[in-house]
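Here's the structure we're looking at; comments come further down.
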Protein chains: 2
Amino acid sequence: MIKYKIVILSGKGGVGKSTVSANLAVGLSKKGYKVGLLDSDIHGPSIPKILGIEDIKPEPTTSGIKPVLIDSKLKVMSIAFLLKDKDSPIIWRGPLKMSAIKQFLGDVKWGNLDFLIVDLPPGTGDEPLSIAQLISDSSGAIIVTTPQDVALLSVRKSINFVKKMNISIIGIIENMSGFKCPHCNKSINIFKTGGGLKMSKDFSIPFLGKIPLDTIIVESGDSGEKFLITNEKSKPSKAFMKIIENIEKNLKLEENVKTKAL
Amino acid sequence: MIKYKIVILSGKGGVGKSTVSANLAVGLSKKGYKVGLLDSDIHGPSIPKILGIEDIKPEPTTSGIKPVLIDSKLKVMSIAFLLKDKDSPIIWRGPLKMSAIKQFLGDVKWGNLDFLIVDLPPGTGDEPLSIAQLISDSSGAIIVTTPQDVALLSVRKSINFVKKMNISIIGIIENMSGFKCPHCNKSINIFKTGGGLKMSKDFSIPFLGKIPLDTIIVESGDSGEKFLITNEKSKPSKAFMKIIENIEKNLKLEENVKTKAL
């Protein structure tokens, strides 16, 4: 049984959708939830790299594929695990691609989960469309954006895309939002800030929070370190945990949280 | 007649492929070449936004579609011009998508060009594959990457993808490479630096140059300003012009350049 299935999407690649997916999964498991993380980006699966489990192969069993256990609370499955050579491009044409995704989704044996976080491929094309349709009982979608106008342009498309798919939107996350120089501590607006918040107001969609641009996120994404655990007092860690609280609120999980805290 | 067709690709979105495409086109036209810029990213066409021509519609004629004239040396065509509502996602399924792209490519009346710069959709999927195949007489591909490992992972796929398509690789451009704090002028490695250069050595592919992460690029991308012209002494402008020189070298255009300079 999976209680909540959340799809994470973005209208455009490179906004940090996989990084956000991975850290939401880590953060939710850190709070005690049983979490599954599904990397469904068949052209650029980066979850195993981000979580430092690139060289692990999940074991096929007679009843399906067992996801990789990160710890007792977090399981991960990625299409990357099924590829022999990580440098090979997957040139899968439409029909084959869809049936592969369908089989992939059906074969993974998650067991009981509180949350399944699904990292969708970027964009508003065939793949996110088909996967969103395959995950028919999803609890909702989270849209990831960066603050600059060019990124927001494609987020607008995502919002309409999700609406057309009849999935509810849990909220928007603004990633790479603001930056402080680590030397002089002054603010630098590399990708600006506030665009995601503005967009959430324009479309009357909940705003889940901002994640600052921070070298700790880039470095840990490359090294496979889970900074929410190893560096839980950092600004990005606090930002992620705040966002997770907002997700709990929007899903009306406050009661569960209180029960757990007692 | 089109002398050189160059496809610009990246294994992953968000690395600045469209920004690089637009500025290569502006830079080549600034040097006196007749340039066409084709935005073929049907899910996230951002060239019109980057060049500040969002509200312009190209005129259909009896013989085909005339590209939009930026100035006497630069013409632009984007799938975005054909969309009625810029907020709508294009949910085109495989077969329809391909025939639309084919018609789109065939209908544009470029006239005589020295360069056609083609901004491909990101990734190694159906779209870049089909478009690369439709542009059969292309002079080669330029791969855009950012320096961090996670981005480089998908660039490896792009390199293999291009090789399989039998297109030659003109070179690699490393974007968002290094950053200097505008307040204290100290270097900050937000997305690291040097990864693209390393990758070009690993695969014995020419390295065309690095473009620094700079707020001027983000701001001009949002405002539609052409900073290569309005701010030609900036570091990003110099980086782009240096890259263009390397492209000319790799295409053995030195003779032409010398003739023009006389």
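Some notes on this structure:
Residue-by-condition table, conditions (1) within 17 Å of the chain's Cα centre (by Cα); (2) among the basic types (Lys, Arg); (3) more than 27 Å from residue A:80 (Cβ to Cβ):
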| site | (1), (2), (3) |
| --- | --- |
| B:146 | yes, no, no |
| B:153 | no, no, no |
| B:167 | yes, no, no |
| B:187 | no, no, yes |
| B:197 | no, no, no |
| B:204 | no, no, no |
| B:217 | yes, no, yes |
| B:230 | no, no, yes |
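- Counting only residues that are at the interface with chain A (Cβ under 9 Å from one of its Cβ atoms) and at pLDDT 80 or above, segment B:94-120 holds 0 of them.
- Within the span defined as segment A:52-71, every residue fails to be over 20 Å from the mean Cα position of the chain (by Cα), modelled with pLDDT under 80 and small (Gly, Ala, Ser).
- Members of segment A:110-127 found to be open to solvent by less than 20 Å² (accessible area, probe 1.4 Å) and small (Gly, Ala, Ser), listed by number: A:123, A:125
- Within segment B:205-255, the residues that satisfy the criterion of being part of a helix (DSSP H, G or I) and of a type in the set (D, E, K, R) are B:219, B:222, B:235, B:238, B:242, B:245, B:248, B:249, B:254, B:255.
- Residues within segment A:1-22 that are more than 10 Å from chain B (Cβ to nearest Cβ) and open to solvent by 10 Å² or more (accessible area, probe 1.4 Å), tallied: 5
- Residue within segment A:139-148 that is surrounded by fewer than 21 Cβ atoms within 10 Å (Cβ to Cβ), closer than 30 Å to residue B:222 by Cα and at the interface with another protein chain (Cβ under 7 Å from one of its Cβ atoms) present: yes
- Residue A:91 vs. criteria touching a helix residue (DSSP H, G or I) at 6+ places or on another chain (Cβ under 9 Å), open to solvent by 10 Å² or more (accessible area, probe 1.4 Å) and at pLDDT below 80: yes
- Pairs, first farther than 19 Å from residue B:80 by Cβ and at the interface with chain A (Cβ under 8 Å from one of its Cβ atoms) in segment B:121-133, second aromatic (Phe, Trp, Tyr) and part of a loop (DSSP other than H, G, I, E, B), C-beta under 9 Å, six or more apart: B:125/A:92; B:126/A:92
- In segment B:51-69, of all residues being over 26 Å from residue B:227 (Cα atoms) and out of contact with any strand residue (DSSP E or B) (no Cβ under 9 Å at 6 or more places or on another chain), the one that is surrounded by the fewest Cβ atoms within 10 Å (Cβ to Cβ) corresponds to B:62.
- Pairing residues of segment B:175-197 that are farther than 13 Å from residue B:152 by Cα and at the interface with chain A (Cβ under 7 Å from one of its Cβ atoms) with residues that are charged (D, E, K, R) and open to solvent by 60 Å² or more (accessible area, probe 1.4 Å), at Cβ distances under 8 Å and at least 6 apart in sequence or on separate chains, gives B:181/A:186; B:183/A:186; B:184/A:186; B:186/B:180; B:188/B:180.
- Residues in segment A:23-49 that are among the polar types (S, T, N, Q) and in a helix (DSSP H, G or I) were compared, and the one that is farthest from the other protein chains (Cβ to nearest Cβ) is A:29.
Yes/no matrix, rows are residues, columns are (1) of a type outside the set (A, V, I, L, M); (2) open to solvent by less than 30 Å² (accessible area, probe 1.4 Å); (3) more than 21 Å from residue A:16 (Cα to Cα):
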{"position": "A:159", "(1), (2), (3)": "no, yes, no"}
{"position": "A:162", "(1), (2), (3)": "no, yes, no"}
{"position": "A:204", "(1), (2), (3)": "yes, no, yes"}
{"position": "A:223", "(1), (2), (3)": "yes, no, no"}
{"position": "A:226", "(1), (2), (3)": "yes, no, no"}
{"position": "A:248", "(1), (2), (3)": "yes, yes, yes"}
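The values are calculated or read from the model by the stated rules, or taken from the named source; none is laboratory data. Owing to the predicted nature of the structure, the values given are computational and were not obtained by experimental measurement. Cβ atoms come from the backbone with ideal geometry, glycine included; neighbour counts cover every protein chain shown. All accessible areas refer to the heavy atoms of the entire protein, side chains included, with ligands and DNA or RNA removed. Shrake-Rupley method; radii C 1.70, N 1.55, O 1.52, S 1.80 Å.
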